[in-house]
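Visitor: Let me begin by handing over the structure; questions about it come next.
Just so it is clear, none of the values below were taken in a lab; they were calculated from the coordinates. No experiment lies behind these values; they were computed from the predicted model shown. As a convention, Cβ positions derive from the backbone with ideal geometry for all residues, glycine included, and neighbour counts pool all protein chains shown.
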Amino acid sequence: MSQFRPKGRTILALLVVVAALPFVSAASPAAAATARSTGCTALQKALGMCPKTTTTTTTKPLTTPTTLVSSPGTACGGHPTVPKTGGGMWTCDFNDEFNGTTLDRALWLPQTTKGSGFDSNDHDCFMDSPNNVSVSGGSLVLTSRQEPAPFVCQDTVPRSTQYTSGSVSTYQRKSVDRGRVEIRAKIISAKVQGTHTAFWLFPQDLIGGPGRGEIDIAEVYGIYSDRAIPFIHSPLEAVDSRATNNYCMIQSIADWNTYAVEWTAQSITIIYNGQVCLTETLAASTFNKDYMVALTQGLGWPGNDFQPGITPLPAQTLVDYVRVYK
């Protein structure tokens, strides 16, 4: 597989890098219920943004109400525990505050098109390059950019492009099997058509994706940069009314926001800026194996198409921290 492409309920496929193995798997960002009217773009239909009469729920960006327990230690940025809803505590498992000057490769694997066929609808070439994946100023910086000249991207089928992008994952490094994952990030290029950012979890055994198992914590499409969209992919997603929510509004994607998932045997809850976006209970019990954490900055999707020469580049996602609790 060599590109983001629709599967099943019109969903965008993200390919998971597989180190030195010639195997490629797919993950996908949020897709919603079928649009109930005509005259909409493909992405508007996918996101359920065509006119309809049902009432939707919005989320206001408020300060996280969870009281963190501070500590002079360094575990999870000095917050080694976080209270659970209903009692008990989440305990820090692993984290990265990105306070250094280089990527911690013991924790993060850059995803590359050459290694896996990972790309954005054949627009870009994902690279292991400091131009696309770097750490500076206390942040992980993921960048989509135009290169000085066209080059041959070593995709499944080699192709010419002038655009590169950045993505990392904890594949074969660190895993989460139920717990809390919190990401603080700013998407400084989101207010344009043609950019795409994703924070997501995918199975370490690479047996997952649409209809099989994947947690999209947040997807941000440039053309609809007033919101982040989650999707809980499972064998039950076609009948699961709580698999996604297209109306979790973010006041300013370009500012620092927190994106979190709390995952137990009974439920999967997506939380933006301390406010619950969705709680999924139908399929939560089917998520019971190790998942990697993945962070992606890419280009384009039908209806949010990348437009060479029009979509402003470089496009960047800055990640302040990733904290994983168990």
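Visitor: Just to be sure I understand the model, the point goes 7 Å from the Cα along the line to the Cβ. What's the resulting residue 99 to residue 151 distance in nm?
Guide: 3.4 nm
Visitor: Can you tell me how much longer the chain between residue 207 and residue 74 gets when fully stretched, taken as 0.36 nm per residue apart minus their C-alpha distance, in nm with one decimal? Could the numbers behind the result be given before it?
Guide: Values: separation 133, 0.36 × 133 = 47.88 nm, distance 3.40 nm.
Computed gain between residue 207 and residue 74 is 44.5 nm.
Visitor: Grab the other residues whose beta carbon is less than 9 angstrom from that of residue 122, score K and R as +1, D and E as -1, and report the net.
Guide: Around residue 122, the charge tally is -2.
Visitor: With a sphere of radius 9 Å drawn around the Cβ of residue 138, what net charge do the other residues whose Cβ falls strictly inside it have (Lys, Arg +1; Asp, Glu -1)?
Guide: On the way: positive: none; negative: 97, 320.
So the environment of residue 138 carries a net charge of -2.
Visitor: OK, next. If the chain between residue 188 and residue 241 were fully stretched, how many nm would it gain, using 0.36 nm times the residue separation less the Cα-Cα distance? It would help to have the intermediate numbers written out before the result.
Guide: Details: separation 53, 0.36 × 53 = 19.08 nm, distance 3.15 nm.
Value of the extension gain: 15.9 nm.
Visitor: On a full-extension model of 0.36 nm per residue, what is the gain between residue 254 and residue 177, subtracting their alpha-carbon distance, rounded to one decimal in nm? Walk me through the numbers on the way to the answer.
Guide: On the way: separation 77, 0.36 × 77 = 27.72 nm, distance 3.04 nm.
This chain segment gains 24.7 nm when fully extended.
Visitor: Another question, then. Once you treat every alpha carbon in segment 91-227 as an equal point and sum by Debye, what is log10 I(q)/I(0) at q = 0.13, 0.21 Å⁻¹?
Guide: -0.63, -1.59
Visitor: Could you give me the percent of Cα pairs per 5 Å distance bin for segment 91-162, shortest bin first, beginning at zero and ending with the bin that holds the maximum distance?
Guide: 3, 15, 23, 21, 14, 13, 7, 3, 1, 0
Visitor: So, one more: What does the charge add up to near residue 323, with Lys and Arg as +1, Asp and Glu as -1, over the other residues with Cβ less than 15 Å from its Cβ? If you can, show how the numbers build up before the last one.
Guide: On the way: positive: 84, 174, 180, 184, 326; negative: 93, 96, 97, 104, 182, 262, 320.
Neighbourhood net charge equals -2.
Visitor: Could you calculate the FRET efficiency of residue 288 with residue 89 from 1/(1 + (r/R0)^6), where r is the beta carbon distance between them and R0 is 22 Å, rounded to 0.05? Can you show the working numbers first?
Guide: Values: r = 21 Å, r/R0 = 0.98.
Computed FRET efficiency for residue 288 and residue 89 comes out at 0.55.
Visitor: Provide the FRET efficiency to the nearest 0.05 for the residue 281-residue 307 pair, computing r from the beta carbons and using R0 = 41 Å.
Guide: On the way: r = 40 Å, r/R0 = 0.98.
After rounding to 0.05, the efficiency reads 0.55.
Visitor: Nearest-5 percent of antiparallel DSSP beta bridges in segment 122-252? The partial results should precede the final answer.
Guide: Working: 23 of 25 bridges.
Of the beta bridges lying entirely in segment 122-252, close to 90 percent run antiparallel.
Visitor: Ratio of alpha-carbon Rg to the 2.2 N^0.38 Å globular estimate for segment 275-326, to two decimals, please. Don't skip to the end; give the middle numbers.
Guide: Values: Rg = 16.9 Å, N = 52, 2.2 N^0.38 = 9.9 Å.
Taking N as the residue count of segment 275-326, the ratio is 1.71.
Visitor: Between rounded, prolate and oblate, where does segment 160-231 land on the alpha carbon gyration tensor, with a ≥ b ≥ c its root eigenvalues, rounded for a/c under 1.5, else prolate if a/b exceeds b/c?
Guide: Working: a/c = 1.89, a/b = 1.49, b/c = 1.26.
Cα axes put segment 160-231 in the prolate bin.
Visitor: If you don't mind, there's one more thing I want to ask. Excluding residues on the same chain fewer than 8 positions from residue 289, give the aspartates and glutamates whose Cα lies under 12 Å from its Cα.
Guide: Answer for residue 289, where 12 Å is the Cα cut-off: 177, 205, 214, listed by chain and number.
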